[in-house]
Amino acid sequence: MTTLLQLEKVTVKFGGLVALHEIDLTLNQGEVLALIGPNGAGKTTLFNLLTGIYRPTTGSIYYKGEVINKLQPFERVKKGIARTFQNTRLIQGMTVLENVLIAHRQCNTEGLLSSIFLTKKGRDRREAATQECIGILALVGLEHKVDELAGGLPYGEQRLLEIARALVSKCEVLLLDEPAAGMNAIEKKQLVEKIRHLSKEFGIEIILIEHDMGLIMDISDKIVVLDHGIKIAEGTPAEIQQNPQVISAYLGGEDDLFEWE
Ligand SMILES: Nc1ncnc2c1ncn2[C@@H]1O[C@H](COP(=O)(O)OP(=O)(O)O)[C@@H](O)[C@H]1O
Ligand SMILES: [Mg+2]
């Protein structure tokens, strides 16, 4: 198995507050990892650390064997680490295809100048980009909606469109921040199938923060449980469900971790 991403004793401090404490983590190609834990556990901090918004106070982040601690967010996107946001950032008044084409242009800077499109070479390049984007939309199951306005799509499909936008950046690691938020049961089921498909068929590694425990148990190869910045458990869904430390960390909490359908 190829290891893509690795954290070695990563600590993040904000002043005196330790948001993450000596976190070790190894992720392999094609794995789906879920991050869970109560509010304030450090989940969002870990995402921000991976995308380069925060840097480790101590410890190292490796991507394909290279230390990426100091890389800027855009440099990490270029290397293949992409994320979606909790609130969608689609351009509502543009079509599905246009939304993906824009993301494509942003990461293919040589094709940026619109004047280039006046030349034959430019037109060919645009046609190739369009075909590539339609192919990616097909991966998430939106190929029949290319000409519809993004703002008119049901919520679940808007989330899929966001994933398509991340995929055109040729990501190898996809970070999903609550991808199922606001979805109904059918949309959630479809999302689980699409995410599984992407990870297994294309070897994309997916890390998600999600509160829907049923979905997490369905989708994840591995679950990491954070509590007050400490990794209290790591394992398969079956292992996590039986982990006494995890159960006690959640017992009596407002949202009972293991109360799902
Ligand atoms: N930029 C920041 N400055 C100061 N403290 C922060 C910052 N970001 C997060 N924290 C603190 O770090 C801890 C972990 O927060 P966070 O990663 O948002 O947790 P979670 O996403 O699991 O709810 C919390 O105590 C939070 O208040
Ligand atoms: Mg958070």
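The values are calculated or read from the model by the stated rules, or taken from the named source; none is laboratory data. Nothing here was measured: the structure is a model prediction, and the numbers come from that model. Here the Cβ positions follow ideal geometry from the backbone for every residue, glycine too, while neighbour counts run over all protein chains shown. Note: accessible area is taken over every heavy atom of the protein model, side chains too, but ligands, DNA and RNA are not part of it. Shrake-Rupley method; radii C 1.70, N 1.55, O 1.52, S 1.80 Å.
Couple of notes before you dig in:
- Residue match in segment 23-32 (condition: aliphatic (A, V, I, L, M) and modelled with pLDDT under 95): yes
One line per residue, one yes/no per condition, for (1) modelled with pLDDT under 95; (2) buried (at least 19 other Cβ atoms within 10 Å of the Cβ); (3) more than 21 Å from residue 176 (Cβ to Cβ); (4) of a type in the set (A, V, I, L, M, F, W, C):
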residue	(1), (2), (3), (4)
14	no, no, yes, yes
18	no, no, yes, yes
39	yes, no, no, no
46	no, yes, no, yes
56	no, yes, yes, no
64	yes, no, no, no
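- Some residue of segment 58-68 being of a type in the set (Phe, Trp, Tyr), within 16 Å of ligand 1 (Cβ to nearest atom) and more than 23 Å from residue 239 (Cβ to Cβ): no
- Any pair with Cβ under 7 angstrom, 6 or more apart, that starts in segment 204-223 at a residue that is in the same structural domain as residue 38 (by TED's automatic domain parsing) and under 15 Å from residue 182 (Cα atoms) and ends at one that is more than 16 Å from ligand 1 (Cβ to nearest atom) and part of a helix (DSSP H, G or I): 212/188; 215/188; 215/192
- Summed over segment 7-29, residues that are under 21 Å from the mean Cα position of the chain (by Cα) and part of a strand (DSSP E or B) total 12.
- Of the set (1) within 14 Å of ligand 1 (Cβ to nearest atom); (2) free of Cβ contacts under 8 Å to residues at least 12 places away in the same chain, all apply to residue 45 but (2).
- Test: residue in segment 53-64 that is outside any loop (DSSP other than H, G, I, E, B), touching a strand residue (DSSP E or B) at 6+ places or on another chain (Cβ under 8 Å) and within 14 Å of ligand 2 (Cβ to nearest atom): no
- Scanning segment 70-105 for residues that are open to solvent by 30 Å² or more (accessible area, probe 1.4 Å), assigned to a loop (DSSP other than H, G, I, E, B) and in contact with a strand residue (DSSP E or B) (Cβ under 8 Å, 6 or more places away or on another chain) turns up 85, 86, 92, 93, 94.
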